[in-house]
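Asker: The following block contains the structure, expressed as structure tokens.
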Amino acid sequence: MTISLYSASVPVFQHSLKALSAILSKAEAHATEKKIQPEALLQSRLFPDMLSFTRQVQIAVDFAKGASARLAKIETPKYEDTEVTFADLQALIAKAL
């Protein structure tokens, strides 16, 4: 039985990005419920030397689209990484998917 690089990787990226989208939805609901400013969660870090949550989402999307593009032997799509809200990040994930 042979397996293609596509079937070994792209479904994993899709699964991961969908899971990340669900985490974003839960974080947004939590912020709304607890009356927390969304920016406080989006710019938070679990440890001082970590990147912000927003930047980590952007990197996850960059990795998925970059690896997929390289496997398809096409140019990697360029995204500006200007997301600042939960909706922006959800749209970024949707665009990558």
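Asker: Considering the dipole of the chain built from charges on the beta carbon (Lys and Arg +1, Asp and Glu -1) around the Cα centre, which of GLN37, TYR6, ALA72 is farthest to its positive end?
Answerer: So the residue furthest toward the plus end is TYR6.
Asker: Just in the range 37-97: which trypsin sites (Lys or Arg not before Pro) are loop by DSSP and have at most 13 other Cβ atoms within 10 Å?
Answerer: Counting only loop positions with at most 13 other Cβ atoms within 10 Å, the trypsin sites (Lys or Arg not before Pro) in the range 37-97 are ARG45, LYS73, LYS78.
Asker: Still on this structure: Treating the beta-carbon of each Lys and Arg as +1 and of each Asp and Glu as -1, no other charges, what is the dipole magnitude of the chain about its Cα centre, to the nearest 20 debye?
Answerer: It works out to roughly 260 debye.
Asker: Could you run the Karplus curve 6.51 cos²θ - 1.76 cosθ + 1.60 with θ = phi - 60° over the range 69-75 and give me ³J(HN,Hα) per residue in whole Hz, x for Gly and Pro?
Answerer: So the J values, rounded to whole Hz, are 5, 5, 5, 7, 6, 10, 5.
Asker: Mind checking which lysines have their Cα closer than 25 Å to the Cα of LYS65? Skip sequence neighbours fewer than 8 apart in that chain.
Answerer: Partners found: LYS18, LYS26, LYS73, LYS78, LYS95.
Asker: Can I ask one more? Given an 8 Å cut-off on Cα distances and at least 6 residues of separation, report the relative contact order of the chain as a percent.
Answerer: 33 percent
Asker: Still on this structure, I have one more. Quick one: compute a quarter of the convex hull surface over the Cα atoms of the range 29-97 and quote it in nm².
Answerer: 5.4 nm²
Asker: When ligands, DNA and RNA are left out and all protein chains stay put, how many square angstrom of accessible area per residue does the chain have with a 1.4 Å probe?
Answerer: I get 69 Å² per residue for this part.
Asker: Here's something else I'd like to know. On the accessible surface of the chain, probed at 1.4 Å, how many percent belong to carbon and sulfur atoms?
Answerer: Ligands and nucleic acids excluded, carbon and sulfur reach 62 percent.
The values are calculated or read from the model by the stated rules, or taken from the named source; none is laboratory data. Treat the numbers as computed from the prediction; the structure is a model and nothing was measured. Quick reminder, even Gly has a Cβ in these numbers, built from the backbone with ideal geometry, and neighbours come from all protein chains shown. Each accessible area value is taken on the protein alone, full model and side chains, heavy atoms only, with ligands, DNA and RNA left out. Shrake-Rupley method; radii C 1.70, N 1.55, O 1.52, S 1.80 Å.
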